[in-house]
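J.: What follows is a structure written as structure tokens; I'll ask about it next.
The values are calculated or read from the model by the stated rules, or taken from the named source; none is laboratory data. In this text the structure is predicted, and so the values were computed from the model without any measurement. Positions of Cβ are backbone-derived with ideal geometry, glycine not excepted, and every protein chain shown enters the neighbour counts. Calculation scope for accessible area: heavy atoms of the full protein, side chains included, ligands and nucleic acids excluded. Shrake-Rupley method; radii C 1.70, N 1.55, O 1.52, S 1.80 Å.
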Amino acid sequence: HNLTWESDMKLRLFAKTALPTIILAGAVTTAFAAGPPIGISPVDTGSLPSTGEEWLTVNPYRADTAGVDVWKEAVEVGASGYNQNCARCHGIEGVSGGLAPDLRYLEAEEYGDEWYAERFRSGMTQNGITKMPAFEEQLGQDAAWAIRTYIETRPDSDAMDAVSDELKALRDQMAEYANNAEGADAEALQARLTEIGEGIG
């Protein structure tokens, strides 16, 4: 089933790239979320399929639409794009320090896609002050949807709090198995990680 596979892949990517950062994020998020963007950094969209000229209203890079390989690449491209252009206001790993909205709480799936695309393209101005620049011209649609795809892999704080200790224990257990695989039960570990992934995905 695609959703189960996608949840599993989310957790694998999360455990590999984000877990150590999440543990420390509470201490460092505020420092990196301290002011409006100074500049916009280009995003290398690699070999992601082109989304075309006309802006879409639904994310084309989800695994159930584009396949797992494209989804995985979109997550990686989106992570880079997010860290370069969004993290300074919206927080490391999507965990906002309060300056800008926490993007993990955007409406999921297609329900939030149209709003996301409009805000990405037009930015936000309040009382004549640019709170968020318009990214359409500088970054384009492929980068926009890759960033959206990455944001969708970020678990919310409550979900993470509930499984944080267990994930740390599983991480340590897998590190031990890397040195000595005796007694390792890969299927049981995968099953539990999948279960956790479905719970926080």
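J.: For the stretch 143-164, how many residues are modelled with pLDDT of 75 or more and either open to solvent by 60 Å² or more (accessible area, probe 1.4 Å) or in contact with a Pro (Cβ under 8 Å, 6 or more places away or on another chain) (or both)?
T.: 1
J.: In this structure, does ARG104 turn out to be among the charged types (D, E, K, R) and surrounded by 19 or more Cβ atoms within 10 Å (Cβ to Cβ)?
T.: Numbers: among the charged types (D, E, K, R): yes; surrounded by 19 or more Cβ atoms within 10 Å (Cβ to Cβ): yes.
Spelling it out, ARG104 is indeed among the charged types (D, E, K, R) and surrounded by 19 or more Cβ atoms within 10 Å (Cβ to Cβ).
J.: Identify all residues within the stretch 176-194 that are within 24 Å of PRO155 (Cα to Cα) and either exposed (fewer than 10 other Cβ atoms within 10 Å of the Cβ) or touching a Lys or Arg at 6+ places or on another chain (Cβ under 8 Å) (or both); write none if there are none.
T.: Once the filter is applied, which keeps residues that are within 24 Å of PRO155 (Cα to Cα) and either exposed (fewer than 10 other Cβ atoms within 10 Å of the Cβ) or touching a Lys or Arg at 6+ places or on another chain (Cβ under 8 Å) (or both), the stretch 176-194 yields GLU187, ALA188, LEU193.
J.: Report whether or not ARG104 is in contact (Cβ under 8 Å) with a residue 60 or more places away in the chain and of a type in the set (Lys, Arg).
T.: Working: in contact (Cβ under 8 Å) with a residue 60 or more places away in the chain: no; of a type in the set (Lys, Arg): yes.
In short, no.
J.: Can you tell me which residue is farthest from THR153 (Cα to Cα) among those in the stretch 86-99 that are without any contact (Cβ under 8 Å) to a residue 60 or more places away in the chain and open to solvent by less than 20 Å² (accessible area, probe 1.4 Å)?
T.: Restricting to residues being without any contact (Cβ under 8 Å) to a residue 60 or more places away in the chain and open to solvent by less than 20 Å² (accessible area, probe 1.4 Å), the top hit is CYS89.
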